[in-house]
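Structure first, commentary second.
The values are calculated or read from the model by the stated rules, or taken from the named source; none is laboratory data. Computed from a predicted model, the values in this text were never measured in an experiment. Cβ sites come from the backbone with ideal geometry, for glycine too, and all protein chains shown count toward neighbours. Each accessible area value is taken on the protein alone, full model and side chains, heavy atoms only, with ligands, DNA and RNA left out. Shrake-Rupley method; radii C 1.70, N 1.55, O 1.52, S 1.80 Å.
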Amino acid sequence: MSSLALDPLPRHPIRGPSALLRAVRRRDPILAGFGLALLALALVLGVAWVLDARQLHGEDVWAKPVKFLLSVGLFALTSAWFIGDLPAAQRRAAPIRAARWTLIGAGTFELGYITLQGALGQPSHFNESTPFHTVMFALMGIGAVALTATTLPLAREIARHGTGLSPALRLAIVLGLVLTFVLGVGAGVAIATHGGHAVGGIPDHPGLPLLGWSATGGDLRVPHFLGIHAQQLLPLAGAGLAAALPMRARPAVWLVSALYVLVTLAAFAQAMAGRPLIAL
């Protein structure tokens, strides 16, 4: 086997959306295809969101399917990008294969059920109106944890084999992936334990535009959002710090990551106190 086959995928200058699309598809064609399919479906359901006036608990019935499709699609594309930073042997190894197919399987199940319930005008989360809905809600919880846990083997492989990355970016990717699981699942467990995302506030009151977060009370979806998107935000910060502070980038990444955790915990405390992120 040639040395080229063992190296991470070569990096090329990325100029424009089409080049970015080609790059992510080179890095992991299967996972990239899955993520792009979800984004395309989100656009289709976005049209339904505009045309269908039905609401559920103060929110358009298509809002949740669209937001989840966008979130999981971005999650899949980000994972595909990071997989491309591994040598070929690691990209084909069991830990990455398992993470890839777990993400696709759990994501398909979650999104399929959420979309079906949206089409029916029924809640997917915390719906225990029948034994079927109770079982599906429990399976959704398991699927959400399994999907988010795919960040852990990827973090381990990047930490061990992501030698083509700058030290600061490598650290930021690993921390971002680990914190996605710790903070994202932690906030998700808090939502499940609390029996919902709302803490106080006016029931079924319209929330913030697009995001839907409560504008009258606490909303545990805020720290959950921050936790899940550590996967993208911390590596972006790491890339910026590596370019701006090449000699001090690693300590800066640790500092930014610590601040990110504190901001997420502050958002959690604010939500549990019944205070909205933005009051309208």
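Structure values in brief
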quantity	calculated
Qualifying residue in segment 174-193 (condition: over 19 Å from SER71 (Cα atoms) and in contact with a Ser or Thr (Cβ under 9 Å, 6 or more places away or on another chain))	yes
Entirely in segment 36-141, the helices (runs of 4 or more DSSP H) that have 1 or more residues that are acidic (Asp, Glu)	94-120
Hey, LEU43 at pLDDT 95 or above and either polar (S, T, N, Q) or open to solvent by 60 Å² or more (accessible area, probe 1.4 Å) (or both) or not	yes
Subset of segment 94-103 (residues that are of a type outside the set (S, T, N, Q) and open to solvent by 10 Å² or more (accessible area, probe 1.4 Å))	ALA94, PRO95, ARG97, ALA98, ALA99, ARG100, TRP101
Criterion (under 27 Å from GLY176 (Cα atoms), open to solvent by 40 Å² or more (accessible area, probe 1.4 Å) and either modelled with pLDDT of 95 or more or not polar (S, T, N, Q) (or both)) met by exactly one of LEU139, LEU147, LEU154	LEU139
Residues that are under 13 Å from the mean Cα position of the chain (by Cα) and surrounded by fewer than 23 Cβ atoms within 10 Å (Cβ to Cβ), drawn from segment 56-93	LYS67, PHE68, LEU70, SER71, GLY73, LEU74
Residues of segment 104-129 classified as crowded, with 16+ Cβ neighbours inside 10 Å and under 30 Å from GLY164 (Cβ atoms), total	3
Filtered residues of segment 208-247 (kept if open to solvent by 10 Å² or more (accessible area, probe 1.4 Å), among the aliphatic types (A, V, I, L, M) and in a helix (DSSP H, G or I))	VAL222, LEU226, ILE228, LEU233, LEU236, ALA237, ALA239, LEU241, ALA242, ALA243, ALA244
Breaking point among (1) open to solvent by less than 30 Å² (accessible area, probe 1.4 Å); (2) part of a helix (DSSP H, G or I); (3) not β-branched (Val, Ile, Thr), for ALA159	(1)
Lone unmet requirement of (1) over 27 Å from ILE158 (Cβ atoms); (2) without any contact (Cβ under 8 Å) to a residue 12 or more places away in the chain for TRP62	(2)
Residues located in segment 248-260, provided they are touching a helix residue (DSSP H, G or I) at 6+ places or on another chain (Cβ under 8 Å), more than 16 Å from ARG170 (Cβ to Cβ) and open to solvent by 60 Å² or more (accessible area, probe 1.4 Å)	none
Residue pairs meeting the criteria (Cβ under 7 Å; at least 6 apart or on separate chains; first free of Cβ contacts under 8 Å to residues at least 60 places away in the same chain, in segment 261-280; second open to solvent by less than 60 Å² (accessible area, probe 1.4 Å))	VAL263/LEU226; ALA267/VAL222; ALA267/PRO223; ALA267/LEU226; GLN270/GLY218; ARG275/GLY218
Residue within segment 261-272 that is at pLDDT below 90 and surrounded by fewer than 21 Cβ atoms within 10 Å (Cβ to Cβ) present	no
Neighbours by Cβ (under 6 Å, 6+ apart or cross-chain): first from segment 33-57, touching a residue at least 60 places away in the same chain (Cβ under 8 Å); second of a type in the set (D, E, K, R) and part of a loop (DSSP other than H, G, I, E, B)	HIS57/ASP204
